[in-house]
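Everything below concerns the one structure shown next.
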Amino acid sequence: MRKPARVTSSCSDDPIRLVNSRFVVLAKKLPDKEDEEEEEGIYYNDFGDFSSSSSSSQDDNNNNNLLDWSTLKSRITQTKDAIVERDNRLATNWRSGHWSVRGFKLDKYNPIQRLLQQQQQSEDLVISVSKIALDAERSAEDIVSGDDNTEDVSIAVGRTDGSICIVQLGKEYMTTFQAIPAVSFQDTTSTTENSTTSSQVHYSSKLVPVDNDDFSPTDREEEKGDTTPFQILHQFQASSSGSSISALFMEGTDVVTASVNDGVVKLWELPITETQQEELVAIQPKVIFQGAHSKNVIVIKSLVIFDDASSNNNSEQSLLLTVSSSEGSIGIWNRETGHLIRCVHIQDPYQQQPIPILSADIWNDNNNNHVNLFVGLDNGYVQGYTLQELLLASKDDESSVVVNPTPSCNFLAHGTQKGKSGVTALCCIGKGTTGLLKPSAKPSILLLTGGADGIVKQWEIFFSSSTDTSLLKLEHWPRIASQRMKRRAHIFEGGHGDKITALVGDASKILSAGADGRIVAWSPSTGEKMYSMDGFDDTLSNVCLDKSLLITDGMSNYVCLHDFDLDQDSFEDSYELEF
């Protein structure tokens, strides 16, 4: 695995920022004589007039401290050029495979459990990373516009002991966290007449940063630039039974979890903090979702729909979507109350047995206010649903359960060419090409599927109105093996020797992770393999894509950040290191 080039962070206190695709410039004036301690901001917006919170006139000295227009235009031009230069650098690095690596290591032993196991003369329980989730509140618009400062990025990490860590990303090459015994207190109030408040004591472990003994003094001397360490902002036990985290979702201060062999889904609201907690706080779930699944929830998604086509903000509904693997069930919940709105079961129509769901993803079409759900099944088929149709699938108000609703699309994606079937990975990566080639064409999206056969396929899903104009029909392309896509490749093979475990991508690249411990980068247009990322010693099951970062597991108790934001000189100065 490549050791990172030592590069200095490009972050600066530049008053010119690109926000929502518009340049906003902040300049500060000198304080008034009457109140020297107060500072006020003057905001320039797109070369327009500026406003201030004070209406008092400025003297000549204060006016001289404002940015003149020529300087302002020059700075905006420089900022635009810097953004274009960075975008070009990122595109080149993603295409050529130039990246650096950094990350953090979580202690693989719990000291309290280890003591109990030693007393019982049993083997130590090794704790590894099971799930990683990037904050969904980090909007795609900010990332595309260039406002993607990685110093503000936090990720949620689920582990095989049922614990959750919220980690703020850093710049240090490797931050090591060690588990130490800890005591947390939880206030409880009795329900008797003379109510009293008491504290319950919980014994657990806490991860704290320690000096990294894996590097020699020479390595430390070579580490240059920004060395801000990774920080654990929150850590708590999500599974009371200690079962491995099987699904994880993060959005702002909300974290949603599910664990293996447990169909209960929990929403946790985290305290707002920007620094590492000094004391371990026992966090209780805010909302519990139960009644749809009995075990193995593998996918958690959050979405907002509107009750009518007018998209009135007063009629919006916040939902949570969960998918259970072995049961072939889909749960649609009210995110605020935990009420189960609809439970969908996918079964074999002949044997009346559930068809296991191996993968799922959603696509929110903002143009027509439709949310589309795609599931990859164990039998190699992909089924697509419009969420509004699932919510209307049953007219019986007494039951929320629907069995085998008619899918909007249903096609065989991965058959038994290599004796293996099953859609093991699935991802919606953006709008399709038909609308770009012909504006009058039907809208479409691009869908990636990965199979147990180790093959990746790209599909175009078209939207067409049904007889009921309020609903949509989904059509896939290619429809037969001999057909091909325009300007996009359909089949990507030869990169993996085992099943595909995760897929991410966009218009310029496709990244597939496999159980063989390899990540392969593909050209979406030609289907050719651009490069591979090797060196992982475990199955890759988590791949999170940011504009400049690829965050992965695949190394037991390590989380790896592959940073593609570096120049060619820094890449040539880097060197190899095995974790």
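The values are calculated or read from the model by the stated rules, or taken from the named source; none is laboratory data. Note that the structure is a prediction, hence the values are computed from the model and not measured. Cβ: placed from backbone, ideal geometry, glycine included. Neighbour counts: every protein chain shown. Ligands, DNA and RNA are stripped out before the accessible areas are found, and what is left, the full protein with its side chains, is counted by its heavy atoms. Shrake-Rupley method; radii C 1.70, N 1.55, O 1.52, S 1.80 Å.
Checking each residue in region 170-195 for being modelled with pLDDT of 90 or more and in contact with a helix residue (DSSP H, G or I) (Cβ under 6 Å, 6 or more places away or on another chain) picks out only 179. Under 8 Å between Cβ atoms, which residue pairs at least 6 apart in sequence (or on different chains) link something in region 525-542 that is in contact (Cβ under 8 Å) with a residue 12 or more places away in the chain with a partner that is of a type in the set (Asp, Glu) and open to solvent by 70 Å² or more (accessible area, probe 1.4 Å)? If the second residue must be of a type in the set (Asp, Glu) and open to solvent by 70 Å² or more (accessible area, probe 1.4 Å), the pairs left are 535/578. Here residue 370 passes the criteria (1) modelled with pLDDT of 80 or more; (2) out of contact with any Pro (no Cβ under 8 Å at 6 or more places or on another chain) except the one numbered (1). Scanning region 495-511 for residues that are closer than 11 Å to residue 451 by Cα and among the hydroxyl-bearing types (Ser, Thr, Tyr) returns a single hit, 501.
Based on what the data block shows, is residue 441 open to solvent by less than 20 Å² (accessible area, probe 1.4 Å) and either over 19 Å from residue 370 (Cβ atoms) or at pLDDT below 90 (or both)? When the stated conditions are applied, residue 441 does not pass them. Within region 524-558, being over 26 Å from residue 507 (Cα atoms) and either part of a strand (DSSP E or B) or of a type in the set (Lys, Arg) (or both) holds for 555, 558.
When the test is whether a residue is at pLDDT below 90 and not in a helix (DSSP H, G or I), residue 147 passes it. Figure legend. Inter-residue proximity from region 555-566: first residues aromatic (Phe, Trp, Tyr), second residues open to solvent by less than 20 Å² (accessible area, probe 1.4 Å), beta-carbon distance below 6 Å, spacing 6+ or different chains. Indicated pairs: 558/103; 564/90; 564/93; 564/94; 564/548.
Whether any residue in region 261-280 is open to solvent by less than 50 Å² (accessible area, probe 1.4 Å), modelled with pLDDT under 90 and small (Gly, Ala, Ser) is what I want to check. The answer is no, given that none of the residues of region 261-280 is open to solvent by less than 50 Å² (accessible area, probe 1.4 Å), modelled with pLDDT under 90 and small (Gly, Ala, Ser). So, residue 521, is that one modelled with pLDDT of 95 or more and crowded, with 18+ Cβ neighbours inside 10 Å or not? Criteria met by residue 521. Report whether or not residue 424 is at pLDDT 90 or above, in contact with a Gly (Cβ under 9 Å, 6 or more places away or on another chain) and open to solvent by 20 Å² or more (accessible area, probe 1.4 Å). Spelling it out, residue 424 is indeed at pLDDT 90 or above, in contact with a Gly (Cβ under 9 Å, 6 or more places away or on another chain) and open to solvent by 20 Å² or more (accessible area, probe 1.4 Å).
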